[in-house]
1. Quick check on this structure: which one of 309, 342, 333, 359 is within 16 Å of the ligand (Cβ to nearest atom) and buried (at least 21 other Cβ atoms within 10 Å of the Cβ)?
2. Looking only at segment 92-103, which residues are more than 16 Å from the ligand (Cβ to nearest atom) and within 12 Å of the chain's Cα centre (by Cα)?
3. Residues being away from the ligand (no atom under 16 Å from the Cβ) and over 18 Å from residue 325 (Cβ atoms): count how many of those fall in segment 204-254.
4. Residues that are in contact (Cβ under 8 Å) with a residue 60 or more places away in the chain and on the phi > 0 side of the Ramachandran plot: does segment 35-52 have at least one?
5. Would you confirm whether any residue within segment 137-151 is surrounded by 18 or more Cβ atoms within 10 Å (Cβ to Cβ), assigned to a helix (DSSP H, G or I) and away from the ligand (no atom under 16 Å from the Cβ)?
6. For segment 320-329, indicate whether the set of residues that are touching a strand residue (DSSP E or B) at 6+ places or on another chain (Cβ under 6 Å), under 18 Å from residue 62 (Cβ atoms) and not in a strand (DSSP E or B) is non-empty.
7. When you look at residue 63, is it touching a residue at least 12 places away in the same chain (Cβ under 8 Å), in a loop (DSSP other than H, G, I, E, B) and either assigned by TED's automatic domain parsing to the domain that holds residue 308 or within 16 Å of the ligand (Cβ to nearest atom) (or both), yes or no?
8. Against the conditions (1) surrounded by fewer than 24 Cβ atoms within 10 Å (Cβ to Cβ); (2) more than 19 Å from residue 65 (Cα to Cα); (3) touching a helix residue (DSSP H, G or I) at 6+ places or on another chain (Cβ under 9 Å), where does residue 171 fall short? Just the number, please.
Ligand SMILES: [Zn+2]
């Protein structure tokens, strides 16, 4: 076989394909894409021997605020790049830059800062998690920045993003909430329901208006109750909706994760980090948007109110958590970490390992599931 420069041959690994694990398998990449996957003797001398290791598709995190001491909620493009790079080293080859509630001016400045990073592929898009969310379920959002979604503010921001705003979280019960969901869906972005006080009927109306994602299911929303399933119940039962799950053992009890997986099925679940800047760095004082956050034993809380303030999770940790605590197989975990977010986001060029897809992959130690190498678009990350 003639191998041209720009090609890489990895061999000897357990490789996860859409058909399941292939043992003693190899992958040939060509430039940014996977050109061939096979089993047994590789077609040439491999560049990398991965005996005893597992290869999974790169993770796709559709909800993340930062990591490694850096935040996406910034007007400093280099800081946002550092946040993406931190998660890349943990296997996240595609990442959303999630903002938090802020003034119209601040949001515009942040969207403008992040737009070039969407264009060069550092992030897959911008997620507006607020300001059009509930006062009662504000989580770690600045309460004085929350407001009802005036249609002109929503459309103005979407126009400024010009396709780069890929997801918007809205509380549908707010005045103008349903119209805002329609406007977001019409723009081609994903409308998500979250940080919401909505009841069941309003949840149904939100899905009819185009909502397709539940922002961090169970967190910052009315709970599913036996007499009133609330918006969470309405979205959980609709087969068109995907649920985001923060699987760090802090945000959702392992049993509730199992319950969610039974209702959503593996097909409609997406694992996210919702990570903030303190992820991967020491406990201490941090900022999430304008608010002070204290991180103690890896748990981030608002310094004043004590609300959980995002996570300090990385997706490789989430993989280990669900495999070790929630009876989830590596195959199913991978689907929720890569293939499903690719589907919900419409990223047709990635999310699975098969010829023609972007060569986004990570290598894990077989027993510990620790990440040993990451490849993004055919290039190893050092
Ligand atoms: Zn968030």
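The values are calculated or read from the model by the stated rules, or taken from the named source; none is laboratory data. Because the structure is a prediction, the values reported are computed rather than measured. Cβ: placed from backbone, ideal geometry, glycine included. Neighbour counts: every protein chain shown.
1. Testing whether each residue is within 16 Å of the ligand (Cβ to nearest atom) and buried (at least 21 other Cβ atoms within 10 Å of the Cβ) leaves just 309.
2. Selection gives 93, 94.
3. Qualifying residue count, segment 204-254: 29.
4. Yes, segment 35-52 contains a residue that is in contact (Cβ under 8 Å) with a residue 60 or more places away in the chain and on the phi > 0 side of the Ramachandran plot.
5. no
6. no
7. Details: touching a residue at least 12 places away in the same chain (Cβ under 8 Å): yes; in a loop (DSSP other than H, G, I, E, B): yes; either assigned by TED's automatic domain parsing to the domain that holds residue 308 or within 16 Å of the ligand (Cβ to nearest atom) (or both): yes.
Against the criterion (touching a residue at least 12 places away in the same chain (Cβ under 8 Å), in a loop (DSSP other than H, G, I, E, B) and either assigned by TED's automatic domain parsing to the domain that holds residue 308 or within 16 Å of the ligand (Cβ to nearest atom) (or both)), residue 63 qualifies.
8. Only one criterion in (1) surrounded by fewer than 24 Cβ atoms within 10 Å (Cβ to Cβ); (2) more than 19 Å from residue 65 (Cα to Cα); (3) touching a helix residue (DSSP H, G or I) at 6+ places or on another chain (Cβ under 9 Å) is unmet by residue 171, namely (1).
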